[in-house]
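This report concerns only the one structure given below.
Just so you know, all these numbers are worked out from the coordinates, no wet-lab data involved. Please read these numbers as outputs of a predicted model, since none were measured by experiment. Methodologically, a virtual Cβ is constructed for each residue, glycine included, from the backbone with ideal geometry; neighbour enumeration extends over all protein chains shown.
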Amino acid sequence: MASNTTSFLKARYAEVEQKIQSACDRVGRNRNEVTLVAVTKTISAEATALLPSLGIIDLGESRPQVLWEKAEALPDNVRWHMIGHLQRNKIDRTLPLVSRIHSVDSMRLLEALDKEATKLSRPVPIFLEINASREPQKHGFAPEELPQLLPKLEEVNGVHVEGLMTMAAFEEDVEKCRPTFASLRELRDRFSQEMPNPHSLHHLSMGMSNDYEVAIEEGSTFIRLGSVLFEGFPEQ
Ligand SMILES: *Cc1c(COP(=O)(O)O)cnc(C)c1O
């Protein structure tokens, strides 16, 4: 692939990295508390394969089939993040490939993942997807479902819950996203002491291209960025 592609990516990555650092600085957070997941759903496998050489090895896909294809084409040091809705019949092929699943949106999915994950030699970290903005078209648990869910985790060992994930509604004025992110952090703070072992709510996966700076200010530990890195990409 042409070198202008690499320089495009490098420049975008550097700009975004600076904004991440500034957001961390504004609230006194350490940059290494925030993992940037590059969401590669709009670029080809060839373009995706350029990212590890730029030091970007946390990659996210929202469709299982695409994740399978790219995982096959890319080196093993890539950490794949499943960030979209996962159908139960795709669990067996997806689980061995991923480092984390951000989008566990029902108890049925969680139980099916747990069953399959116990066959692997490692526990798979997952996040519970919360519909914090309460949009009817979105997947995820309602915030008030969380208390009923916690006791059920006592039986769960194959997957480890490590945090919460949400998507804010798109807003021109990103300040309007802040309450959604703050509410996810408050949910985390309220229930993290009640998590049965080995589960925790340490992580907050929140923030996309439009709103990641606000999300970082509100405590995000995983931001999932697509368009801000790849929009206008030379191959498109
Ligand atoms: C596509 C997608 C993203 C990235 O969105 P951008 O606005 O392009 O940064 C993040 N999270 C999820 C779940 C997505 O589906």
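Quick notes on this structure:
- For the range 28-109, a crude dipole built from +1 on the beta carbon of Lys and Arg and -1 on the beta carbon of Asp and Glu, taken about the Cα centre, is about 280 debye to the nearest 20.
- Residue (of PHE222, GLY158, THR5) at the positive-pole extreme of the chain, dipole from beta-carbon charges: GLY158
- Annotation: lysines with alpha-carbon distance below 25 angstrom to LYS119 (same-chain offsets under eight excluded): LYS70, LYS90, LYS152.
- Based on alpha carbons, the Rg and Dmax found for the range 44-91 are 10.8, 34 Å.
- Neighbourhood charge, 13 Å Cβ-Cβ cut-off, centred on VAL66 and excluding it, Lys, Arg +1 and Asp, Glu -1: +2
- Note, ³J(HN,Hα) from phi for the range 41-48, Karplus 6.51, -1.76, 1.60, rounded to Hz, x at Gly and Pro: 5, 9, 10, 6, 4, 4, 5, 4
- Amide hydrogen proximity for ASP58: with H placed 1.01 Å from N in the peptide plane, the residues at 5 or more positions away or on another chain lying under 5 Å are ALA38, ARG79.
- The alpha-carbon positions of the range 101-164 define a convex hull whose volume is 77 Å³ per residue.
- Here each label is just a point 7 Å from Cα along the line to Cβ, and for GLU135 and ARG88 those points are 2.7 nm apart.
- For the range 28-34, Karplus couplings with θ = phi - 60° (6.51, -1.76, 1.60), whole Hz, Gly/Pro x: x, 9, 7, 3, 6, 7, 10
- Listed residues ASN32, ASN210, ASN157, most fluctuating in the chain (Gaussian network, C-alpha, under 10 Å): ASN32
- Charge dipole of the chain (Cα centre as origin; +1 on each Lys and Arg Cβ, -1 on each Asp and Glu Cβ, all else neutral): 400 debye, rounded to the nearest 20.
- Highest GNM mean-square fluctuation among PHE191, PHE181, PHE141, for the chain modelled with Cα contacts below 10 Å: PHE191.
- Positive-pole candidate from PRO125, LEU184, ALA168, dipole of the range 113-236, charges at beta carbon: PRO125
- Projected area, mean over directions - the chain, Cα convex hull, nm²: 12.6 nm²
- Charge dipole (the chain, unit charges on Cβ, about Cα centre) - positive-most of SER22, LEU59, TYR212: LEU59
- When the chain is treated as a GNM with alpha-carbon contacts under 10 Å, the residue of SER44, SER121, SER106 showing the greatest mean-square fluctuation is SER121.
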